[in-house]
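Reading through the structure tokens given below for one structure.
A short reminder: the numbers here are calculations on the coordinates, not readings from a lab. Worth saying up front: this structure is predicted, and the values here are computed from it rather than measured. Backbone-built Cβ (ideal geometry, glycine too); neighbour counts: all protein chains shown.
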Amino acid sequence: MKNIIGLDSVKAKELTQSLNDLLANYQLYYQNLRSFHWNVVGPEFFELHEKFEELYNSANEAIDELAERVLTLGDTPLHTWSEYLRVSEIKESQGIKDGKECVSIVLENIKVLLVKEREILSVASDIEDEGTSALMSDYIKEKEKVSWMLSAYLK
């Protein structure tokens, strides 16, 4: 049986489970970025404060896109903090103020997201889900560039 966009319903349901997992991880990534934006101190304050805001705005947009993609595929997006905390591989970062430590955590969070996005890209390609594939490709491209920049910052 096909869903409303012509994809196999069973395969789409399996894909939405992975998208919901990614959504939960994005929520924790987003909240960590907000925390770093608010709490970072030191000589890099101005540049990191601005960068973390840029990154959390991008993450917020992705969160909305992921939830809408889950809905488009015929499922319900996760939507409570208890679900996000239960599902997410990314964990809350509390009380971190040092800029370099914040950047290191952001890089680790991005690695988690990239692995999940590449896995979803592979599955979406296999079931000919161009919409999800395009979304993942965009996210991967953006995160690879951010990873390069943040890694350069730490050197």
Residue of 12, 134, 67 that the Gaussian network model of the chain assigns the largest fluctuation, springs spanning Cα pairs under 10 Å: 134
Give me the extension gain from residue 58 to residue 17: residue separation times 0.36 nm, minus the current Cα-Cα distance, reported in nm with one decimal. 12.5 nm
Residues residue 94 and residue 45, FRET efficiency given R0 of 25 Å [Cβ-Cβ distance, rounded to 0.05]: 0.85
Calculated from the structure, Cα Rg over 2.2 N^0.38 Å equals which of (i) 1.20; (ii) 1.01; (iii) 1.09? (iii)
Using just the helices of the chain, give the 222 nm mean residue ellipticity in deg cm²/dmol: DSSP H runs with n ≥ 4 each add -39,500 (n - 2.57), and the total is spread over all residues, rounded to 500. -27000 deg cm²/dmol
Roughly how many debye, to the nearest 20, is the charge dipole of the stretch 9-154 about its Cα centre, given +1 on each Lys and Arg Cβ, -1 on each Asp and Glu Cβ, and no other charges? 380
Student exercise: in the stretch 84-144, how many lysine pairs 8 or more apart or on different chains have Cα atoms under 19 Å apart? 10
Longest exposed-site-free window of the chain, the sites being GluC sites (Glu not before Pro) in a DSSP loop that have at most 12 other C-beta atoms within 10 Å: 1-91
Is any helix in the chain, taking whole DSSP H runs, at least 24 angstrom long along its axis by alpha carbon and on average at least 0.0 on the Kyte-Doolittle scale, and which ones? 99-126
If I build a Gaussian network model for the chain, linking alpha-carbon pairs within less than 10 angstrom, which residue out of 20, 109, 60 has the largest mean-square fluctuation? 60
Only four residue types carry charge here, +1 at the Cβ of Lys and Arg and -1 at the Cβ of Asp and Glu. Report the dipole size of the stretch 115-155 about the Cα centre in Debye, rounded to the nearest 20. 460
